[in-house]
Amino acid sequence: MDKDHILTEAERFVKDILKNDSSGHDCWHIYRVSRTAKTIAAMEQADSFVCELAALLHDVADEKISQSEEIGLALVKNWLADQQVPLETSAHIVEIISTMSFKGGNRPPMRTLEGKIVQDADRLDAIGAIGIARVFAYSGAKGRAMHDPALPVREQMTQEEYRSGNDTAINHFYEKLLKLKDLMNTDYGKQLAWERHAFMLAYLDHFYAEWEGKSSIR
Ligand code: ADP
Ligand code: NI
């Protein structure tokens with residue numbers, strides 16, 4: 001099995017599937033998640049090939065991209081078979097992808113080290129400098145405000161206020177981004193998350209100071 005060749009082919013396969021997507025799951029998200037998964041895999045002594053390949057394929061079964069999770073997973077399975085990836089490796093990758101795209105309240109935890117790594121890498125892409133850029137890009141695409149000091153924070157909003165599109169970019173930090181550091185699985189994932197978390201807190205400090213026309217240096 002030529003691992004480098006399969007990884008190159010996977011990049012091409014995913015690029016083709018994601019080229020028509022407009023939900024923010026562009027191929028550069030896939031690129032970043034696979035780079036981060038590789039970095040964590042090296043630190044955690046995990047199977048780097050499985051981590052990188054699962055990262056490259058992780059969004060294919062997402063309902064935002066495939067008609068259904070089943071169709072997306074079948075596509076991945078067939079592709080892995082075409083590439084002559086051994087059955088055991090293929091089953092591992094499919095397990096990672098299906099657990100990650102699992103919808104519903106009680107997401108099962110990732111079973112293997114490699115799965116934990118890919119999930120960490122995906123979550124890391126939502127925080128830090130990149131995470132900040134993605135939130136504002138997403139909010140802008142939805143026509144939402146970046147910030148509105150008059151609005152209550154998400155926890156204090158009524159369902160109606162929330163649904164009517166009052167969810168600003170800044171709100172999303174409290175709703176999701178600042179919670180992600182506590183959801184990391186691996187030690188190195190936690191370390192990267194802490195760095196990125198600290199950067200977001202500093203960013204918010206500057207944001208609020210600048211909003212009021214104050215100096216952000218204290
Ligand atoms: P996932 O990659 O886990 O499927 P989502 O599709 O929920 O993530 O989000 C993709 C990106 O858009 C993330 O970076 C996320 O922070 C951002 N995003 C999602 N929902 C909102 C929102 N309501 N406001 C601002 N940004 C959002
Ligand atoms: Ni993703």
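The number of residues in segment 60-72 being surrounded by 17 or more Cβ atoms within 10 Å (Cβ to Cβ) and either part of a helix (DSSP H, G or I) or within 12 Å of ligand 1 (Cβ to nearest atom) (or both) comes to 5.
Within segment 120-135, restricting attention to residues that are of a type outside the set (V, I, T) and within 10 Å of ligand 1 (Cβ to nearest atom), the residue that is surrounded by the most Cβ atoms within 10 Å (Cβ to Cβ) is R123.
From the list L57, L87, the one residue that fits, being over 13 Å from E114 (Cα atoms) and open to solvent by 20 Å² or more (accessible area, probe 1.4 Å), is L87. Take segment 168-199 and flag every residue that is of a type in the set (S, T, Y) and either under 15 Å from the mean Cα position of the chain (by Cα) or open to solvent by 30 Å² or more (accessible area, probe 1.4 Å) (or both). Within segment 168-199, Y174, Y188 meet the criteria. Taking first residues from segment 57-69 that are among the polar types (S, T, N, Q) and partners that are open to solvent by 20 Å² or more (accessible area, probe 1.4 Å), the Cβ contacts under 8 Å between residues at least 6 apart in sequence or on separate chains come to S66/L75. Filtering segment 74-92 for residues that are of a type outside the set (D, E) and within 16 Å of ligand 1 (Cβ to nearest atom) leaves an empty set. Pull out all pairs, ordered by first then second residue, where Cβ-Cβ is under 8 Å, the residues are six or more apart or on different chains, the first lies in segment 29-53 and is open to solvent by 30 Å² or more (accessible area, probe 1.4 Å) and within 16 Å of ligand 1 (Cβ to nearest atom), and the second is among the β-branched types (V, I, T) and part of a helix (DSSP H, G or I). Here the result reads R32/I130, each pair linking segment 29-53 to a residue that is among the β-branched types (V, I, T) and part of a helix (DSSP H, G or I). I'd like the residue in segment 90-119 that is of a type in the set (A, V, I, L, M) and free of Cβ contacts under 8 Å to residues at least 40 places away in the same chain and, out of all such residues, is most open to solvent (accessible area, probe 1.4 Å). Here the residue is A91.
The single condition among (1) open to solvent by less than 20 Å² (accessible area, probe 1.4 Å); (2) modelled with pLDDT under 95 that G165 does not meet is (1).
For L75, indicate whether it is over 28 Å from Y188 (Cβ atoms) and either assigned to a helix (DSSP H, G or I) or open to solvent by 90 Å² or more (accessible area, probe 1.4 Å) (or both). So L75 fits the description; yes.
The values are calculated or read from the model by the stated rules, or taken from the named source; none is laboratory data. None of these values were measured; they are calculated from a predicted model. Neighbour counts run over all protein chains shown; Cβ positions are idealised from the backbone, glycine included. Only protein heavy atoms, including side chains, enter the accessible area calculation; ligands, DNA and RNA are left aside. Shrake-Rupley method; radii C 1.70, N 1.55, O 1.52, S 1.80 Å.
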